[in-house]
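Structure, as structure tokens:
The values are calculated or read from the model by the stated rules, or taken from the named source; none is laboratory data. Being a predicted model, the structure only gives us computed values, none of them experimental. Every residue, glycine as well, gets a Cβ built from its backbone with ideal geometry; the counts of neighbours run over all protein chains shown. Ligands, DNA and RNA are stripped out before the accessible areas are found, and what is left, the full protein with its side chains, is counted by its heavy atoms. Shrake-Rupley method; radii C 1.70, N 1.55, O 1.52, S 1.80 Å.
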Amino acid sequence: MERRVFLILLFSGLCSLSSCLARQYVFVNKPLTWTEAQQYCREKHTDLASIDNAEELDRLLNAADSAYTGQAWIGLYYEMNSWQWSLTESAFYRGVQLEYHMWRLGEPNNHGGKENCGVTDIYGQWRDFVCGVQLAFICYEETSNATQRYVLIDKAKNWTEAQRFCRKNYTDLVSVRNQSENEEVMKAANGQNMWIGLFRDPWKWSDQRNFSFCNWNPGEPNNYGGNENCGTVYLWMAVSGTWGDIPCSWSLPFFCYHENREVMKLYFLGKHGVNLNTPAMRETLLEQIKSEWIRLRLPEDTTLRWREQLDGQVFHQEE
């Protein structure tokens, strides 16, 4: 009995999917905004539809009303402020250091819809940039010698190549935790635009599953007009099953999914000023819980994940 109580407390707030891998899709031919559709699905079913592979996409399409040939909401949404650092070691950041930023006025602006990596400019201000652009970059080396921590690599690479290079030869692409470090990085940049370790993986599923499968229509997502932050599936023949991005305020039919799962609450006692809702902190806590799950020899095919509330947060502070 004691072990059971411990597990209920420890894994509260997480979803176990080992017994519900085959989700059932439901087409709702009722035009709603994306947020309204999400609320409807969470009240009546489990959530807006998420899709992990081609087989699930086929099952979703088979659930559609054949008489409807427009677009329909799925659970994809664009999280504009999902910026995180390449170096994810939680002990590297203290207190509010993960919240430090030095964005240039008007940035990040996601110009063109595909600016998902961060650069520092000649003034030490940050901008979002297309990750495929070739730029020089700054690596971070974990060392007690402060003068050797920031290493300028004057070779043009895209962001992913720069990250791979830094991780192989040093510690990682540079993180910036405070104003003092930002000034040191600006000096190392030596008057050039440089990749730093900032990036985001902005497209997410409403139920917080990993976004590992996509089927965008060619040219999508394009963030046309600068406010296309929700995802749809096309249901007309020529492009059936492909995805697009449109404004979340449009009213469309939508797909929910249904599965039997257990959702419980989890309480953490944390220090004042520590934000548990940052991507890095969520990931750190989840990895610790997964380790405990393995230690207790619980089913290895179980998937654990956080569930966001309607306001986009996982944790809420209680007195």
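A few notes on this one:
- Against the list (1) under 24 Å from SER212 (Cα atoms); (2) without any contact (Cβ under 8 Å) to a residue 40 or more places away in the chain; (3) in contact with a Phe, Trp or Tyr (Cβ under 9 Å, 6 or more places away or on another chain), the condition GLU55 fails is (3).
- Looking only at residues of the stretch 163-184 that are more than 16 Å from THR88 (Cα to Cα) and modelled with pLDDT of 95 or more, we find that the one that is nearest to the chain's Cα centre (by Cα) is PHE165.
- Against the conditions (1) under 26 Å from GLU43 (Cα atoms); (2) surrounded by fewer than 16 Cβ atoms within 10 Å (Cβ to Cβ); (3) modelled with pLDDT of 85 or more, LEU310 satisfies every one except (3).
- Extreme residue, least open to solvent (accessible area, probe 1.4 Å), among residues of the stretch 145-187 that are in contact with a strand residue (DSSP E or B) (Cβ under 8 Å, 6 or more places away or on another chain) and hydroxyl-bearing (Ser, Thr, Tyr): SER175
- Residue list for the stretch 103-120, filter: buried (at least 17 other Cβ atoms within 10 Å of the Cβ) and assigned to a loop (DSSP other than H, G, I, E, B): GLU107, PRO108, ASN110, GLU115, ASN116
- If you go through the stretch 126-140 and keep only what is assigned to a loop (DSSP other than H, G, I, E, B) and open to solvent by less than 60 Å² (accessible area, probe 1.4 Å), you end up with CYS131, GLY132, VAL133.
- Residue satisfying condition, being under 30 Å from SER240 (Cβ atoms), modelled with pLDDT under 95 and of a type outside the set (Val, Ile, Thr), within set ASN110, ASN145: ASN110
- Considering only residues in the stretch 288-303 that are open to solvent by less than 60 Å² (accessible area, probe 1.4 Å) and outside any loop (DSSP other than H, G, I, E, B), the one that is modelled with the lowest pLDDT turns out to be TRP293.
- Comparison of LEU60, LEU152, LEU76 shows that the only residue that is within 30 Å of HIS45 (Cβ to Cβ) and assigned to a strand (DSSP E or B) is LEU76.
Condition check ((1) under 21 Å from GLN84 (Cα atoms); (2) hydroxyl-bearing (Ser, Thr, Tyr); (3) at pLDDT 95 or above) across all residues:
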position	(1), (2), (3)
ASP201	yes, no, no
ASN222	no, no, no
GLY226	no, no, no
MET237	no, no, no
CYS248	no, no, yes
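- Applying the condition of being in a loop (DSSP other than H, G, I, E, B) and of a type in the set (Ser, Thr, Tyr) to the stretch 79-99 and asking which residue is farthest from GLU141 (Cα to Cα) yields SER82.
- A Cβ distance below 7 Å, combined with a sequence gap of six or more or placement on separate chains, defines the contacts here; from the stretch 244-260, residues that are over 23 Å from ASN62 (Cα atoms) and of a type outside the set (Lys, Arg) reach residues that are open to solvent by 40 Å² or more (accessible area, probe 1.4 Å) and in a loop (DSSP other than H, G, I, E, B) in the pairs PRO247/ASN227; CYS248/ASN229.
- Within the stretch 129-141, residues that are under 14 Å from PHE199 (Cβ atoms) sit with their Cβ atoms under 6 Å from residues that are among the charged types (D, E, K, R), at 6+ positions apart or across chains, in these pairs: PHE129/GLU115; VAL130/LYS114; VAL130/GLU115.
- Pairs meeting the criteria (first residue in the stretch 161-181 and of a type in the set (Asp, Glu), second residue crowded, with 16+ Cβ neighbours inside 10 Å and not in a loop (DSSP other than H, G, I, E, B), beta carbons under 8 Å, at least 6 apart or on different chains) are ASP172/CYS139; ASP172/TYR140; ASP172/GLN163; ASP172/CYS166; ASP172/GLY197.
- Residue satisfying condition, being among the basic types (Lys, Arg) and under 30 Å from VAL233 (Cβ atoms), within set LYS204, LYS168, LYS157: LYS204
- Set side by side, the residues ASN229, ASN222, ASN210 differ, and just one is in contact with a Gly (Cβ under 7 Å, 6 or more places away or on another chain) and open to solvent by 20 Å² or more (accessible area, probe 1.4 Å), which is ASN222.
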